[in-house]
1. Put +1 on the Cβ of each Lys and Arg and -1 on the Cβ of each Asp and Glu in the chain; which of TYR290, SER27, ALA241 then has its Cα farthest toward the positive end of the dipole?
2. What length, rounded to one decimal in nm, is gained on full extension from SER133 through to SER359, with 0.36 nm per residue of separation minus their alpha-carbon distance?
3. Using the Cα centre as the reference, give the magnitude of the dipole from point charges on the C-beta atoms of segment 183-270 (Lys, Arg: +1; Asp, Glu: -1; all else neutral), rounded to the nearest 20 debye.
4. Report the relative contact order of segment 29-150, percent, no decimals, based on alpha-carbon pairs under 8 angstrom and at least 6 residues apart.
5. Ignoring ligands, DNA and RNA, what percent of the accessible area of the chain is carbon or sulfur (1.4 Å)?
6. ³J(HN,Hα) across segment 272-285 via Karplus (A = 6.51, B = -1.76, C = 1.60, θ = phi - 60°), whole Hz, x for Gly/Pro?
7. Given a 1.4 Å probe, how much area per residue of segment 6-161 is accessible, in Å²?
8. Taking 0.36 nm per residue of separation and subtracting the Cα-Cα distance, what length does fully extending ALA230 through ALA81 add?
Amino acid sequence: MQAKSENDTRALVLVVDDTPDNLLLMSELLQPHYRVKLAISGEKALQIANSTPQPQLVLLDIMMPQIDGYEVCERLKANPATRDIPVIFLTALSRQEDETRGFELGAVDYITKPISPPIVLARVATHLLLKASADFLRDQNTFLEQEVQKRTAEVQAIQDVAIHAMASLAETRDNETGGHIRRTQFYVKALATELARHPRYSAQLNEGMIDILFKSAPLHDIGKVGIPDAILLKPDRLTPAEFAIMQQHTTLGRDAIVHAEERLGMRVPFLQCAKEIAYSHQEKWDGSGYPQGLAGEAIPLSARLMALADVYDALISRRVYKTGLPHAVARGIIVNGAGHHFDPEVVEAFTACEDAFQSIAERFADHAPQ
C-alpha cells in the first residue's frame, strides 16, 4: 500500500506480518503520519526493502512461515544496501531471550503485542528521527571524505609539479636531458619494488616508502643549479680543481632542500628522502665516493638506489661528448661494480628487473636532435 501522492515526502514505513488483520491495524495507525508499505511474508519484505523507494523503517513480526522475522532481520543487516534500515520487532513473543535475540540480530527496538498505539507511534517517530540524523552524519562524512581526497589530490599534484619544475631547472643547465629525470625516477621505483621482495627490506620498502622514493628521485641533481656553466657544461675531462667544485652539487642540493624545509616549518617525509638522495647519491659502497666518503650501509638506502639508477642512465645515454652504451655493456659495468661502486643487493635487484630498466629507457628515450 503506497501513499496516494507521488510528491508525498513523508517517511516510508514497511510493516511485515503474515496476519492481514494485523497489517490493516498497523496501516490505519501509521497512514495519517507516514507513507506505508505492507508485506505479508518475509520474502516480500526483503523484495520491498531492496526496491526504490527504500523504506526508512521496518516494523517486523517474528512468527511467520517460511522465512521468520529473525531471518529477515539477519538478511537485512547482512546486505550493505539495507543494513542501515532500522528494524523494530513487533511480536507476541515476550520472553526475555526472544527480545535479546532480536537485539543481537541488529534490531533497534522490540515492541510486544497487543500493541499500545501511542507507544508504537512514539517509538516509530524516535527511530525515524535517529535514522535521519545518522543519514545526515553519514552523508556529511562521505562529503568530507570526498573533499579531503580532492584536496589531497590537489596538493599532491601541486607538489609533483613543483618537484619537476625544480628538477627541470637543474636539467636545463646540464648536458643531460629532461628524459633523465623520468628515467631515473622509474629506475629507482623498479629497484625499490624488486628489493622489497628481500626479507631484509620488505618492511622498510613498503608501498608508502616506494612512493616517497619515486617522488624524491627527480631532485637528486638539484644542486647543479649552483655549479658554474664553465664547469657544468665543459665537454672535456674536468681538472682536479674543477671536479672539486662539481662535487659541491651534492652539498648544494642538500642545503637547498634543507632551506626549503625550514621555510615550510615542518618535516615532510619525501623531503627527508630527497635530502638523502641529493647529498649521498655519489657515495660508493667501498667508501671511495663523495662528499663524505661513506661506505656500505652507512650510505642511506635511498642514495644507494639512486646511485645505480643514475650511473645506468649515464652509461646508456648519448651526450655531446659520447655515444650511449648498449644495455648489455652497461649491465656488465653495473654488475662488475657490485661491492665497489654499488650495494651488491641493489645490483641483484637490478639484474632481476633489468627488463623493466630497458622498457623504461625505451619509454622515456631522448629524441635525437634534428
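The values are calculated or read from the model by the stated rules, or taken from the named source; none is laboratory data. This is a predicted model, so every value here is computed, not measured. Ideal geometry is used to build each Cβ from the backbone, glycine not excepted, and the neighbour counts take in all protein chains shown. The accessibility values were calculated without ligands, DNA or RNA, using every heavy atom of the protein model including side chains. Shrake-Rupley method; radii C 1.70, N 1.55, O 1.52, S 1.80 Å.
1. The one lying farthest along the dipole's positive direction is ALA241.
2. Extra length available between SER133 and SER359 comes to 75.9 nm.
3. In total the dipole reaches around 220 debye.
4. Relative contact order for segment 29-150 comes out at 21 percent.
5. So the carbon and sulfur contribution to the accessible surface is 55 percent.
6. 4, 5, 5, 4, 4, 5, 4, 7, 10, 6, 9, 6, 10, 3
7. Normalised by residue count, the accessible surface of segment 6-161 is 57 Å².
8. Length difference between fully extended and current span is 46.8 nm.
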